[in-house]
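The values are calculated or read from the model by the stated rules, or taken from the named source; none is laboratory data. Please read these numbers as outputs of a predicted model, since none were measured by experiment. Here the Cβ positions follow ideal geometry from the backbone for every residue, glycine too, while neighbour counts run over all protein chains shown. The accessibility values were calculated without ligands, DNA or RNA, using every heavy atom of the protein model including side chains. Shrake-Rupley method; radii C 1.70, N 1.55, O 1.52, S 1.80 Å.
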Amino acid sequence: MLTVGLTGGIGAGKSEVSRLLVECGAVLIDADRIAREVVAPGTPGLAAVVDAFGEEVLTADGGLDRPRLGSVVFADPEKLAVLNSIVHPLVGARSRELEKAAAEDAVVIHDVPLLTENGLAPLYDLVIVVDARPETQLDRLVGRRGMSEEDARARMAAQATREQRREIADIVIDNDVPLDELEQRVKEVWATLVRRARTPARSPQEPREPQE
């Protein structure tokens, strides 16, 4: 099994890259999806979030109002840290369960938005960073997701810098390109992953290989 950490700034297009990798044959463990599951109605995770932030972060039907919660925490690093302390352990535990269920020869992609921020690179055999210019990220968040520019900038500022993400990357995928170019780049990366899956995993003490 080869474990791969996939990350990138909000709006960089990481979800599109993960989709393409799955088409190639990867097993995907999506931290964002799991993060929604662990705070679904009736879960201990949601109860803990409500205890920390109050019932105003709930929708009328008792679910988590993610946009409202996001507007609160992404503008306040202390509140974001509180939310992360609740959600991240739950996501980590579920991710480990899913990884154990994968085939022994699988290439397992862990889609982790805050991989850089939380120092998680050593947990994986390889780290892929999906990279895009800040201007591209902002345009996608405002134009495609309907965020206000202020909210989009706050969320971008709450994450690691572009340079910090690239520092921990074994492979960088440029997503300031047309879709057909992105698809070709992902196919090249997939060939690299399959090849490396057949070689011994890098130990945490060994230096990372040059970026591709």
Return the residues of region 115-142 that are open to solvent by less than 60 Å² (accessible area, probe 1.4 Å) and part of a loop (DSSP other than H, G, I, E, B); say none if nothing qualifies.
LEU115, THR116, GLY119, LEU120, TYR124, ASP125, ALA132
Can you tell me which residue is most open to solvent (accessible area, probe 1.4 Å) among those in region 72-105 that are of a type in the set (D, E, K, R) and part of a helix (DSSP H, G or I)?
LYS100
So ARG145, is it modelled with pLDDT under 90 and outside any loop (DSSP other than H, G, I, E, B):
no
Per-region count, region 46-71, residues of a type outside the set (Asp, Glu), surrounded by fewer than 18 Cβ atoms within 10 Å (Cβ to Cβ) and in contact with a helix residue (DSSP H, G or I) (Cβ under 6 Å, 6 or more places away or on another chain):
2
Would you mind telling me which numbered condition in (1) at pLDDT 95 or above; (2) polar (S, T, N, Q); (3) over 29 Å from ASP139 (Cβ atoms) SER18 fails?
(3)
Checked pairs for region 76-89, first within 16 Å of ARG155 (Cβ to Cβ), second in a helix (DSSP H, G or I) and open to solvent by 60 Å² or more (accessible area, probe 1.4 Å), C-beta under 9 Å and 6 or more apart or across chains, list as none
Name the residue that is modelled with the lowest pLDDT, counting only residues in region 172-196 that are open to solvent by less than 40 Å² (accessible area, probe 1.4 Å) and out of contact with any helix residue (DSSP H, G or I) (no Cβ under 9 Å at 6 or more places or on another chain).
ARG196
